[in-house]
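Trainee: Quick one: structure below, then a few questions.
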Amino acid sequence: MKEKAYKKEILVTIVFIIFYMLMGHTASLFVLFPGLQGLGEMWGFPIHYIIPVLTGWFGMVIVAIFAAIVCNKLDDEIEAANRADEAASGKGGE
Amino acid sequence: MQPPQVYVITELWTAIIIVGGMFALFYLMGWIGLKQTTSTDDLYAAGFKVGALVNGLAMASTWASLATFLGVSALILKLQVPFVYLWLQWALSIPLITLLYGTSMRRMKAYTPCTFIKARYGNPSTIVIACWMILVMVMYALGQLIGLGQTFEILFAVKYETALIISGIVVIGYMVAGGMMGATYNAAFQMVVMTLTMIVPMGWVMKVMGSSGWWMPPLAYGDMVPSMLKMIPTFFDTKYDFRWYFSLIPAFTLGPVALPHLAARVFTSASLKSARWAVVWFLFFLGALFSGTYVVGFAGNFFQATTGIVIKKPDQITLILQLVYSPQWVAAFVLAGAIAAGVSTLNGNLMAIAALAGSDILGIIAPQMDAKKRLRIGFVVLAIGGLVAMILSFNPPTFLVTSILWAFGLLASTATPGILLGVWWKQANKYALLVSSTICGAMFIIISPHVIKSIVIGKGLPAALGMSGGLVTIPLSFSLFIILSIIFNKMGYAPSQEEKAVLDRIHGWNDYREDRYNGKVWPWVVAVVCLVISWWGLQPW
């Protein structure tokens, strides 16, 4: 159970780093792939301007909500694994 | 339109009443905060009982300095949209701190990242990192002082040098009245003030400029875009190559990750779970404020293009727009917001210096010293740091953000690798940290254009802001740290069992397992990739 929770901790951290970085550095994608810059307008702004502004604000908020839910659940799993470990080894809690 | 020689508030007493009233509120909240401070936990971490919403606002307030309030729009005047892209990524700071090490250190009940450095790497490394952090905090404070000076210059119609001295007096008054790090509610209130004074008055400016989107300044100025493109066709151009944008990651995303006063906001949360929800509120409020600054930068360019006036002091554009387009009392509220941003961050910077010197360094050098005496010495170092920043601010760079952004690169070169690898890799070695931090920190300073002008990596603004230098020294610092750790460990200087056990404990495990956070392959992959990036940074800019 602990091994599973440990692997999940590593995976969750890597996945959320990637999502956060994508949200905060969306503009770099438009520079790396200049073809994306000609995709039109949104709310009167060029797409390569407004999309990074939106991902840098609301995109990050959404990632943070998922991160809070997933990481808080992971904390519960680690605590449950600790308790199960203590029970198996016959030790009491703190 | 003829440009005035200087932009100043003409209805001085209206402005003084509004700014003074606002400050009376800040002082009152600071004083109440001080009255409720009965323990060290209260002082440094608000008793570990701050809720997610208030803490999220306080996080945003701590982050949002005068660099945000005045400096962003100033550089958008020069760089236009690329600087918006540069600024956007700064919202990553607190989320990455929380995800990568904030919650782990919250488990330790650490007050600063140095608490962790001490437990993980021992005393010598802590002293080195704390010294770097103090230098960074002084450079950070320098930017705030320059911005405050320029704000008081407009308010009182005095010379910049006189305005600087007024700034110093206001900040000292604020700190004496109780504007401590623990006054979290004050910080949260200041964030509300900053956001409102940034966004609401811009609605007025946009309406006068003819935008139908005045009701939603941060996102509804799209109808001004065609006019802007007629006057400045290159406004939305990305302008720079991919390396310029990539360098934002080491220089600016990784630097603030180690900022002690930002990390402290994660540690002040009521619980780990609350800290993560505070990040959501932080991003929401900071996003609103950031987006407000982008519209100011846009409107500043629009103002210059339509009037033909060139703003001589770009850092004053936020205030100048209000003086030109809004009633004086509205401009006074914006001045109050700017002063709130500067004073609260400067207070945080100086308090961090006091904590680093009084708690982290003296706690090691003189552990037997009386706590009150240590506190007093901490405040002496704070005063010296403030004085140094004050002296440097008499000869300011063109943009106030220069010193702040440069400081982030220095922090990423010296402290970030030690913190991140220390939390995620058991083989991270204290001697390797000492060597890599010292070499790469010194190298970052030397190859910047601010010290030895003949030895500079890059040129122009990327060099001045530490982007080109950071692309060399920050990955090099990670790489050197990993390679030296492996070498020192093989030589018999491996981390002790106690030092390695810290990792399992702060990640929440109640037992120790050698194979956790002890990868063999990925450190080499990171080291090699970082070396390649560092070499990329050395290529001509």
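The values are calculated or read from the model by the stated rules, or taken from the named source; none is laboratory data. None of the values given here were measured: they were computed from a predicted structure. Glycine also receives a Cβ, built like all others from the backbone with ideal geometry; neighbour counts cover every protein chain displayed.
Trainee: Can you pull out the residues in region B:495-532 that are more than 30 Å from residue A:79 (Cα to Cα) and more than 14 Å from chain A (Cβ to nearest Cβ)?
Mentor: Going through region B:495-532, the residues more than 30 Å from residue A:79 (Cα to Cα) turn out to be B:524-532.
Passing the criteria: B:524, B:527, B:528, B:529, B:530, B:531, B:532.
Trainee: Now, a different point. Could you list, in sequence order, the residues of region B:349-375 that are in contact with a Gly (Cβ under 9 Å, 6 or more places away or on another chain) and closer than 28 Å to residue B:190 by Cα?
Mentor: B:349, B:350, B:351, B:353, B:354, B:355, B:356, B:357, B:358, B:359, B:375
Trainee: Please work out which one of (1) more than 23 Å from residue B:122 (Cβ to Cβ); (2) over 22 Å from the mean Cα position of the chain (by Cα); (3) modelled with pLDDT under 85 is the condition residue B:369 fails and give its number.
Mentor: Single failed check for residue B:369: (1).
Trainee: Scan B:194, B:206 and give me the residue that is part of a helix (DSSP H, G or I) and under 24 Å from the mean Cα position of the chain (by Cα). Write out each step before concluding.
Mentor: Details: B:206 fails: under 24 Å from the mean Cα position of the chain (by Cα).
Result of the check over B:194, B:206: B:194.
Trainee: Inside region B:222-245, can you point out the residues that are more than 8 Å from chain A (Cβ to nearest Cβ) and either among the basic types (Lys, Arg) or outside any helix (DSSP H, G or I) (or both)?
Mentor: Across region B:222-245, the qualifying residues are B:230, B:232, B:233, B:234, B:235, B:237, B:239, B:243.
Trainee: Given the criteria among the aromatic types (Phe, Trp, Tyr), more than 30 Å from residue B:513 (Cβ to Cβ) and crowded, with 21+ Cβ neighbours inside 10 Å, does residue B:408 qualify? Outline the logic, then answer.
Mentor: Working: among the aromatic types (Phe, Trp, Tyr): yes; more than 30 Å from residue B:513 (Cβ to Cβ): yes; crowded, with 21+ Cβ neighbours inside 10 Å: yes.
So residue B:408 fits the description; yes.
Trainee: Restricting attention to region B:49-67, which residues are away from every other protein chain (no Cβ under 13 Å), crowded, with 24+ Cβ neighbours inside 10 Å and in contact with a Phe, Trp or Tyr (Cβ under 7 Å, 6 or more places away or on another chain)?
Mentor: B:57 - this is the single residue of region B:49-67 that is away from every other protein chain (no Cβ under 13 Å), crowded, with 24+ Cβ neighbours inside 10 Å and in contact with a Phe, Trp or Tyr (Cβ under 7 Å, 6 or more places away or on another chain).
Trainee: For region B:226-283, give me the residue count where each residue is within 18 Å of the chain's Cα centre (by Cα) and of a type in the set (Lys, Arg).
Mentor: Number satisfying all stated conditions: 1.
Trainee: Listed residues B:423, B:435; which is within 30 Å of residue B:103 (Cα to Cα) and crowded, with 20+ Cβ neighbours inside 10 Å?
Mentor: Numbers: B:435 fails: crowded, with 20+ Cβ neighbours inside 10 Å.
Every option except B:423 fails the conditions.
Trainee: Which of the residues that make up region B:55-101 are hydrophobic (A, V, I, L, M, F, W, C) and farther than 24 Å from residue A:51 by Cβ? Lay out the reasoning, then the answer.
Mentor: Kept after step one, since they are hydrophobic (A, V, I, L, M, F, W, C), are these residues of region B:55-101: B:57-60, B:63-64, B:66-67, B:69-70, B:72, B:74-77, B:79, B:81, B:83-84, B:86-88, B:90-92, B:94, B:96-97, B:99-100.
Listed by number, the residues that qualify are B:57, B:58, B:59, B:66, B:67, B:69, B:70, B:74, B:97, B:100.
Trainee: Condition first: outside any helix (DSSP H, G or I), touching a helix residue (DSSP H, G or I) at 6+ places or on another chain (Cβ under 7 Å), surrounded by fewer than 24 Cβ atoms within 10 Å (Cβ to Cβ) and in contact (Cβ under 8 Å) with a residue 40 or more places away in the chain. Can you find one or more residues in region B:267-274 that meet it?
Mentor: For region B:267-274, residues outside any helix (DSSP H, G or I), touching a helix residue (DSSP H, G or I) at 6+ places or on another chain (Cβ under 7 Å), surrounded by fewer than 24 Cβ atoms within 10 Å (Cβ to Cβ) and in contact (Cβ under 8 Å) with a residue 40 or more places away in the chain: present.
Trainee: Suppose we filter region A:43-94 for residues that are among the aliphatic types (A, V, I, L, M), facing chain B (nearest Cβ under 9 Å) and over 27 Å from residue B:93 (Cβ atoms); how many remain?
Mentor: The number of residues fulfilling the criteria is 1.
Trainee: Give region A:1-33 a look and list any residue that's over 12 Å from residue B:95 (Cα atoms), touching a residue at least 12 places away in the same chain (Cβ under 8 Å), touching a Leu at 6+ places or on another chain (Cβ under 9 Å) and aliphatic (A, V, I, L, M), or say none.
Mentor: Within region A:1-33, A:5, A:12, A:22, A:27 qualify.
Trainee: Shifting gears a bit: Which pairs have Cβ atoms under 6 Å, sit 6 or more apart or on different chains, and link a residue in region B:308-320 that is in a loop (DSSP other than H, G, I, E, B) to one that is crowded, with 20+ Cβ neighbours inside 10 Å?
Mentor: Once the first residue is in a loop (DSSP other than H, G, I, E, B) and sits in region B:308-320, its partners that are crowded, with 20+ Cβ neighbours inside 10 Å give B:311/B:317.
Trainee: Which of the residues belonging to region A:2-33 are loosely packed, with under 15 Cβ neighbours inside 10 Å and facing chain B (nearest Cβ under 8 Å)?
Mentor: Passing the criteria: only A:32.
Trainee: Output the residues belonging to region A:37-54 that are in a helix (DSSP H, G or I) and closer than 15 Å to residue B:81 by Cβ.
Mentor: First pass over region A:37-54, keeping only residues in a helix (DSSP H, G or I): A:37-38, A:47-54.
Passing the criteria: A:37, A:47, A:48, A:49, A:50, A:51, A:52, A:53, A:54.
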